[in-house]
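Please read the structure below before turning to the comments.
Derivation of every value follows stated rules applied to the coordinates shown; laboratory data play no part. As the structure is a prediction and not an experimental result, all values here were calculated from the model. In this analysis, Cβ positions are derived from the backbone assuming ideal geometry, glycine residues included, and neighbour counts consider all displayed protein chains.
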Amino acid sequence: MTMEVDILELSERSAKFILSDASAAFANGIRRAALSDVPTLAIDDVNIYNNTSVLFDEQLALRLGLIPLTTDIEEFVPVEECTCGGAECPACKISLTLSAEGPRMVYSGDLVSSDERVQAADQNIPIIDLKEGQKVVLEAVAHMNYGYKHAKWQAGVACGYKNMPIVTFENCDECGACVNECPKNIIHIGPNGAEIAGDDILKCILCKLCASVCEIDAITVSEDEKSFIFTMESDGSYTVQQLIINAGTTIKEKASRLGQILESL
Ligand SMILES: [Zn+2]
């Protein structure tokens with residue numbers, strides 16, 4: 001079985017592609033790996049030196065934790081896997097500072113990182129609205145970790161797939177009922193009766209309304225069990241391309257670890 005990937009849309013943060021000749025288990029594996037097994041950086045420790053804002057320290061820390069940070073998977077590792085043995089070195093701990101005085105809105109872009117590779121992925125996330133005389137001075141510490149530990153370490157967002165729809169028309173009498181019924185407006189009457197043109201089939205949501213209104217049962221709706229239409233988005237810590245590659249690498253590493261364990265039995 002040779003898997004094939006057909007890219008439909010690709011931007012910095014989101015991708016849409018068709019994965020064909022793959023099993024449902026593999027498709028779901030990629031989805032789950034992107035959501036929970038690709039480690040990323042997030043703030044999980046905050047030393048607050050001054051906070052006279054209206055937010056409690058805990059609320060402020062919670063907001064900081066949810067800011068996506070740009071991450072390089074080759075350069076950073078979770079503390080537990082680091083060669084420093086938990087002592088916290090530059091490969092597993094990144095410090096960012098924030099110092100602001102009101103009146104003004106404090107944004108994620110105001111965080112000053114000790115490592116230029118690690119920055120807020122979006123500069124315009126509001127953190128706190130400071131009024132006249134209010135101050136926030138803090139050090140935020142980011143660590144690398146996995147999405148399965150906490151959602152703040154989840155690099156993949158909105159990752160999902162559906163099977164490739166297959167819709168066939170046979171002996172169509174051109175009544176046009178399905179054309180009107182389709183909520184996605186992808187069916188039209190062609191030279192040989194009702195049809196779905198080109199890539200429009202990708203928009204099919206498998207609702208089967210077309211088949212249900214066809215009085216002569218000329219329409220069959222099914223799905224290709226070995227072909228998947230994927231959509232994936234990154235929170236900005238990686239480009240979506242890096243995220244998918246990292247997800248694949250994670251699966252590969254897990255599989256080879258399992259192989260080693262089985263061999264040693
Ligand atoms: Zn370390």
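Here are a few things to note about the model shown:
- In terms of Cα atoms, the Rg and Dmax of the stretch 101-249 work out to 25.2, 77 Å.
- Here the gap between residue 45 and residue 253, fully extended at 0.36 nm per residue and compared with their Cα-Cα distance, gives a gain of 71.9 nm.
- Label separation (residue 220 vs residue 203): 2.6 nm, computed from points 7 Å beyond Cα along the C-beta direction.
- Kyte-Doolittle mean at least -1.0 and Cα axial length at least 24 Å: DSSP H helices in the chain: 240-263
- Set of aspartates and glutamates near residue 252 by C-alpha distance (under 20 Å), chain-local residues within fewer than 8 positions excluded: 4, 21, 37, 72, 74, 75, 81, 263
- In the structure shown, the pairs 16/93; 93/152; 162/184; 149/254; 149/203 are assessed against 23 Å; a Cα-Cα span above that value is assigned to 16/93; 149/203.
- The peptide list 90-96, 21-27, 158-164, put in order of mean Cβ contacts within 10 Å with the highest first, becomes 90-96, 158-164, 21-27.
- Charge dipole (Cα centre; +1 on Lys/Arg Cβ, -1 on Asp/Glu Cβ; no other charges) of the stretch 121-187 amounts to roughly 540 debye.
- Residues residue 212 and residue 88, FRET efficiency given R0 of 41 Å [Cβ-Cβ distance, rounded to 0.05]: 0.10
- Most mobile of 198, 248, 29 in a GNM of the chain (Cα contacts under 10 Å): 198
- Cys residues of the chain counted as unpaired, since no other Cys beta-carbon is under 4.7 Å: 159, 172, 175, 182, 204, 207, 214
- Relative to the compact-globule estimate of 2.2 N^0.38 Å, the Cα radius of gyration of the stretch 173-231 comes out at 1.13.
- Summed side-chain charge close to residue 117 - residues other than residue 117 whose Cβ falls under 9 Å, Lys, Arg +1, Asp, Glu -1: -4
- Placing pseudo-labels 7 Å out from each Cα toward the beta carbon at residue 81 and residue 2 gives an inter-label distance of 3.1 nm.
- Ranked by how many other beta carbons lie within 10 Å on average, peptides 188-194, 175-181 from highest: 175-181, 188-194
- Note on residue 28/residue 158: beta-carbon distance plugged into 1/(1 + (r/R0)^6) with R0 of 22 Å gives a FRET efficiency of 0.90.
- Residues in the stretch 212-243 reached by a label modelled at residue 123 [backbone nitrogen below 17 Å; 7 Å Cα→Cβ]: 236-237
- Residue of 65, 85, 109 that the Gaussian network model of the chain assigns the largest fluctuation, springs spanning Cα pairs under 10 Å: 85
- Compactness ratio for the chain: Cα radius of gyration over 2.2 N^0.38 Å (N = residue count) comes to 1.36.
- Treating r as the C-beta distance of residue 141 and residue 9 and R0 as 30 Å, the FRET efficiency rounds to 0.25.
- Computed over the chain, the per-residue total of -39500 (n - 2.57) for DSSP H runs of n ≥ 4 gives a 222 nm mean residue ellipticity of -6000 deg cm²/dmol, rounded to 500.
- Top of 52, 97, 250 by mean-square fluctuation, Gaussian network on the chain, Cα under 10 Å: 52
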